[in-house]
1. Name the one entry in Gln177, Gln162, Gln207 that is polar (S, T, N, Q) and either modelled with pLDDT under 95 or more than 18 Å from the chain's Cα centre (by Cα) (or both).
2. Identify, please: which residue in the range 121-144 is outside any loop (DSSP other than H, G, I, E, B) and farther than 27 Å from Pro212 by Cβ and is, among those, nearest to the ligand (Cβ to nearest atom)?
3. Taking the range 68-103 as the region of interest, how many residues are assigned to a helix (DSSP H, G or I), away from the ligand (no atom under 15 Å from the Cβ) and either β-branched (Val, Ile, Thr) or within 17 Å of Arg170 (Cβ to Cβ) (or both)?
4. Evaluate the following for Gly239: is it out of contact with any helix residue (DSSP H, G or I) (no Cβ under 8 Å at 6 or more places or on another chain), over 19 Å from Asp67 (Cα atoms) and touching a residue at least 12 places away in the same chain (Cβ under 8 Å)?
5. What are the residue pairs meeting all of these: first residue in the range 167-188, first residue at positive phi, second residue crowded, with 20+ Cβ neighbours inside 10 Å and not polar (S, T, N, Q), Cβ atoms under 9 Å, and 6 or more apart or on different chains?
6. Condition first: more than 11 Å from the ligand (Cβ to nearest atom), under 15 Å from Glu68 (Cα atoms) and either among the aliphatic types (A, V, I, L, M) or touching a Gly at 6+ places or on another chain (Cβ under 8 Å) (or both). Now tell me which residues in the range 162-171 satisfy that.
7. Please enumerate the residues belonging to the range 20-46 that are within 16 Å of the ligand (Cβ to nearest atom) and part of a helix (DSSP H, G or I).
8. Of everything in the range 145-161, what is touching a strand residue (DSSP E or B) at 6+ places or on another chain (Cβ under 8 Å) and either within 12 Å of the ligand (Cβ to nearest atom) or of a type in the set (A, V, I, L, M, F, W, C) (or both)? Give them in sequence order.
Amino acid sequence: MQISVYRDYQTLSFQAADRIIEMVGQKPDAVLCLAAGDTPRLTYDTLAERAASENIDFSQCTFVGLDEWVGIPPENEGSCHYFLQKHLFEPVRISSDQIHLFDALTSDPDDECRKMNQLISTLGGIDLMLVGIGMNGHIGFNEPGASPERYAHVVNLDEATQTVGQKYFRQPTVLRQGITLGLKHLLEARKVILIANGAKKAGVIKQTIEGPITPELPATILRMHRNSEVMLDEEAASG
Ligand code: F6R
């Protein structure tokens, strides 16, 4: 696992966008899985600016969803769907036929997982995953205790995730379950980048890098990946 530390959030975001651009340059039909959340917001703004100014062609790429809150509709501002649409797909001008996100309103979440697993396998796997890290060490919605053997699955959300997740919503929202790609997807992706910024992530980042590799801290699995990178700003690296 490579570790890169940057001066500040702006520099980190520029470099993370650069990794995505580099991947698409090398493989124009790359399969990309990009997280929602606060951390990648500036990465996507930067990506949108550079896509326009440098004429970067994403038209052959495919985007697969990382996770979603079960039961939260795509028009809800707190959903991953809404976030990605607003901060990534619209500004970067990705057409809807290139985007495959989880349907969080499905009456059959297990079937939704099967369909996502099938799609990713048909596409030949994921080329690049860009993920954030939860305060409890989760990746996607792979919560503490998640099995590294699992592909997409439905999960009962950890209390920390239910509480911290409120920050995305205008009103208090019941967040009981998530639907997520599994750690097996992470292990099989050709490249995984974890980004984190801010002092509040310093503790969990220290554990991820220096603590024991354990399912209790799902992000530690990145240390078993042959091509993973943790990109941090100085504050997140301060532990
Ligand atoms: C979001 C996701 C989550 C977040 C994590 C960090 O799609 O998969 O695992 O990456 O909770 O969230 P932020 O970036 O808001 O601190």
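The values are calculated or read from the model by the stated rules, or taken from the named source; none is laboratory data. As the structure is a computational prediction, the values presented were derived from the model and not from experiment. All Cβ positions, glycine included, derive from the backbone under ideal geometry; neighbour counts span all protein chains shown. Side chains included, ligands, DNA and RNA excluded: accessible areas come from the protein's heavy atoms. Shrake-Rupley method; radii C 1.70, N 1.55, O 1.52, S 1.80 Å.
1. On the way: Gln177 fails: either modelled with pLDDT under 95 or more than 18 Å from the chain's Cα centre (by Cα) (or both); Gln162 fails: either modelled with pLDDT under 95 or more than 18 Å from the chain's Cα centre (by Cα) (or both).
Selected residue: Gln207, the only one of Gln177, Gln162, Gln207 that is polar (S, T, N, Q) and either modelled with pLDDT under 95 or more than 18 Å from the chain's Cα centre (by Cα) (or both).
2. Taking the range 121-144 as the starting set, the residues that turn out to be outside any loop (DSSP other than H, G, I, E, B) are 121-122, 128-131, 139, 142.
From the residues that got through so far, the ones that are farther than 27 Å from Pro212 by Cβ too are 121-122, 128.
On the way: Ser121: 21, Thr122: 23, Leu128: 15 Å.
Per the stated criteria, the residue is Leu128.
3. Kept after step one, since they are assigned to a helix (DSSP H, G or I), are these residues of the range 68-103: 80-92, 96-98.
Adding the requirement that they be away from the ligand (no atom under 15 Å from the Cβ) leaves 90-92, 96-98.
This time we only want the ones that are either β-branched (Val, Ile, Thr) or within 17 Å of Arg170 (Cβ to Cβ) (or both), so: 92.
Of the residues in that region, 1 qualify.
4. Values: out of contact with any helix residue (DSSP H, G or I) (no Cβ under 8 Å at 6 or more places or on another chain): no; over 19 Å from Asp67 (Cα atoms): yes; touching a residue at least 12 places away in the same chain (Cβ under 8 Å): yes.
Criteria not met by Gly239.
5. Pairs found: none.
6. Phe169
7. First, pick out the residues of the range 20-46 that are within 16 Å of the ligand (Cβ to nearest atom): 20, 32-46.
Scanning the range 20-46 gives Ile20, Arg41, Leu42, Thr43, Tyr44, Asp45, Thr46.
8. Ala146, Ala152, Val154, Val155, Leu157, Thr161
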